[in-house]
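Just so it is clear, none of the values below were taken in a lab; they were calculated from the coordinates. Keep in mind it's a predicted model, so treat the numbers as computed, not measured. Quick reminder, even Gly has a Cβ in these numbers, built from the backbone with ideal geometry, and neighbours come from all protein chains shown.
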Amino acid sequence: MIRFAVPLLASLLASGTALAQHHHHATPPTSSSHANEPTATDGVVQKIDKDAGKITLKHGEIKNIGMPPMTMTFPVKERALLDTLTPGAKVTFFVQQTGSGAMMVTAIEKAN
């Protein structure tokens, strides 16, 4: 069995294509040296659901998770983050992926 596994492994390592493609998709692009380190993103509040602890934001690119600009609903780390916000407010916020891969707003404030 080892006789067959060694050439197969050598072939995969030599080509590197499958491994490189998998790694490329598994690691989102980031502007910082640490993957998933939160970066500030600008957005506009579309909707707030305080009971559910969620906010819908129209946002620019979220670089630390490789997300293009779009409108999306996010859970917030703490519901108190929503207390001073209203729909239409321009904000700066931070999103981070949790251990399960879900995205969460960890900080948000009105933009100047």
Discussion item. I need the phi-derived Karplus couplings for the range 96-112: 6.51 cos²θ - 1.76 cosθ + 1.60, θ = phi - 60°, integer Hz, Gly and Pro marked x.
Written reply: 9, 7, 7, x, 7, x, 5, 9, 9, 6, 9, 7, 7, 8, 5, 7, 7
Item to complete: Rank by packing, highest mean first: peptides 39-50, 101-112, with packing defined as the count of other Cβ atoms within 10 Å averaged across residues.
Response: 39-50, 101-112
Worksheet, complete the sentence: Rg (one decimal) and Dmax (whole number) from the Cα set of the range 41-112, in Å, equal 11.0, 33
Worksheet entry | Long-range amide H partners of Met67 with built H, under 5 Å | Ile62
Item to complete: Collect residues whose amide H, placed 1.01 Å from N in the peptide plane, falls under 5 Å from the amide H of Thr39; neighbours closer than 5 in sequence don't count.
Response: Asn64, Val95
Worksheet item: What net charge do the residues around Asp51 carry, taking every other residue with its C-beta under 15 Å from that of Asp51, with Lys and Arg at +1 and Asp and Glu at -1?
Response: +1
Item to complete: Give a residue-ordered list of calculated ³J(HN,Hα) values for the range 55-64 (Karplus: 6.51 cos²θ - 1.76 cosθ + 1.60, θ = phi - 60°; whole Hz; x for Gly, Pro).
Response: 9, 9, 10, 8, 9, x, 4, 9, 5, 5
Item to complete: Could you list which residues have their amide H under 5 Å from that of Ala89, counting only those 5 or more apart in sequence or on another chain, with H placed in the peptide plane?
Response: Val45
